[in-house]
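Everything below concerns the one structure shown next.
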Amino acid sequence: MAYKRNHYVPEFYLKSFSLSVSGRRKPMIWVYDKDGGSTRQQSAKDTAVVRDLYTIRNVEGVHPHFLEHEFAKYESAVKPILERWKEPDAKPAVKEIFVVSQFLAYLYLRVPRTIDAIKQISAHSSIISLENLARDPERLLKAFEWLRSNKQPNLTMQELRELAENVEQRFEVKVDDIFALCTTLRMFETVEKRLRKLYWCLSAAPPTTEFITCDSPLVVVFREEGRMGLGDGFGHPHVEVSFPLSPRVCLTLERKTNLKRRTLGDGRVLEINRRAVAVAERYIFSAHKSDYTERLVRAFAFTRQTPKVSKKALRAHFDLPPIPWTPG
């Protein structure tokens, strides 16, 4: 039964933002909701958890809880390292970075935000591919001949062209959750290597402020032409990555500052928190309740409706010379 409740943000990590509360048996964490739900306290055990998120069904030779078992191995390996990094004056060692980079790569790829981004990419790509097919007579003919001989013997060429041209109006394209998850995990090596190539620093908060975290705790931003971009960008020359370890310490990764340890000012801590709220899929977590955090959550509530993928960028990609169409 335990494996049916899948934490997409590890329970041991959330406990670092939990505090003892009078009258409660377990430490509690404050949870803010971009969808407008009331700010509430709950245990780490009941936070960032979805039933059967990582359960793989009906795949021969694959245990239904294979992914949950694998994620648990990385969590067990990284837990003592992150505990040490929260200590005063701790600095990341090279051998520790390798372990933590693997954990962070999987953490980034397994959260609902990344899975949903892959679902959007897959759905939009399918639609754009079919629209391009309708404009390519040679590829359309090959598709038509294959469909006539294998799937739809009564389909006419005109019907196929109309379907391809208007697929978004006639159909709802859905992408399987496990397919999307497995697609994200295929990017593990790329993400892990790019994380290791950055400078790793343990950044402490001053006494007057503290770090918060969210349901997408590895926050990736990049600067380009004076603007800040959110989301994937590990290979960008101006990428900045943050991963709060506790209210007092945040792991920061970048290309320009080769420091192992530093103390940030109030403004820098608030900026890291602002990014966490902006990139959160839905929930933000903190050790203490804050009016400032509540205002940030309301300010960035619009991101719940913001597409994670640019159709324009995808169409530009598909305008490259087409790959020969192969039926199957």
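The values are calculated or read from the model by the stated rules, or taken from the named source; none is laboratory data. Just so it is clear, the structure is predicted and the values come from calculations on it, not from any experiment. We place every Cβ from the backbone using ideal geometry, glycine too, and count neighbours over all the protein chains shown. We work out accessible area using only protein heavy atoms, side chains counted, and drop any ligands, DNA or RNA first. Shrake-Rupley method; radii C 1.70, N 1.55, O 1.52, S 1.80 Å.
Rolling a 1.4 Å probe over the heavy atoms of the protein chains gives segment 15-58 an accessible area of 57 Å² per residue.
Counting heavy atoms of the protein chains only and a 1.4 Å probe, report the per residue accessible area for segment 125-224 as a whole number of Å².
For segment 125-224, the solvent-accessible area averages 56 Å² per residue.
Expected output is a single nm value to one decimal: the length gained when fully extending between residue 126 and residue 182, i.e. 0.36 nm times separation in residues minus the C-alpha distance. What is it? Spell out each step's value before the answer.
Values: separation 56, 0.36 × 56 = 20.16 nm, distance 1.77 nm.
The residue 126-residue 182 span can extend by a further 18.4 nm.
Pick from 151, 86, 95 the residue whose mean-square fluctuation is largest in a GNM of the chain, springs joining Cα atoms under 10 Å. The residue that fluctuates most here is 151.
Only one of (1) 47; (2) 26; (3) 20 was calculated from the structure for percent of Cα pairs over 37 Å apart, and its label is (2).
The calculated FRET efficiency for the pair residue 135 and residue 56, based on their C-beta separation and a Förster distance of 51 Å, comes to about 0.85.
Between 275, 186, 110, the Gaussian network model of the chain with springs among Cα atoms under 10 angstrom shows the greatest mean-square fluctuation at 186. Computed from backbone phi, the HN-Hα couplings of segment 20-36 come to 5, 10, 4, x, 10, 6, 10, x, 10, 10, 7, 10, 10, 10, 5, 7, x Hz, rounded to whole numbers (Karplus: 6.51 cos²θ - 1.76 cosθ + 1.60, θ = phi - 60°; Gly and Pro given as x).
Distance between the pseudo-spin-label points of residue 98 and residue 40 (7 Å out from Cα toward the beta carbon): 4.4 nm. Anyone know which of 243, 98, 17 comes out most mobile in the 10 Å Cα GNM of the chain? Greatest mean-square fluctuation among the candidates belongs to 98. If you roll a 1.4 angstrom probe over the protein chains with everything in place, what fraction of the accessible area of segment 109-163 belongs to carbon and sulfur, to the nearest %? Here it works out to 52 percent. The longest stretch of the chain left intact once loop-based GluC sites (Glu not before Pro) with at most 11 other Cβ atoms within 10 Å are removed from consideration, loops following DSSP, is 61-171. Since only 286, 209, 124 are under comparison, the one whose Cα sits farthest along the positive direction of the charge dipole of the chain, derived from C-beta charges on Lys, Arg, Asp and Glu, is 209.
Calculate what fraction, in whole %, of the accessible area of segment 1-97 sits on carbon and sulfur atoms when a 1.4 Å probe is rolled over the protein chains. The partial results should precede the final answer.
Numbers: 2880 of 5620 Å².
Roughly 51 percent, rounded to a whole number.
Placing a pseudo-label 7 Å from each Cα along the Cα-to-Cβ vector at residue 223 and residue 150 gives an inter-label distance of 5.1 nm.
To the nearest 20 debye, what is the magnitude of the charge dipole of the chain about its Cα centre, counting +1 on the Cβ of each Lys and Arg and -1 on the Cβ of each Asp and Glu? Present the calculation step by step, with values, prior to reporting the outcome.
Numbers: 53 positive and 40 negative charges, 195 e Å.
Using Cβ point charges on Lys, Arg, Asp and Glu, the chain gives about 940 debye.
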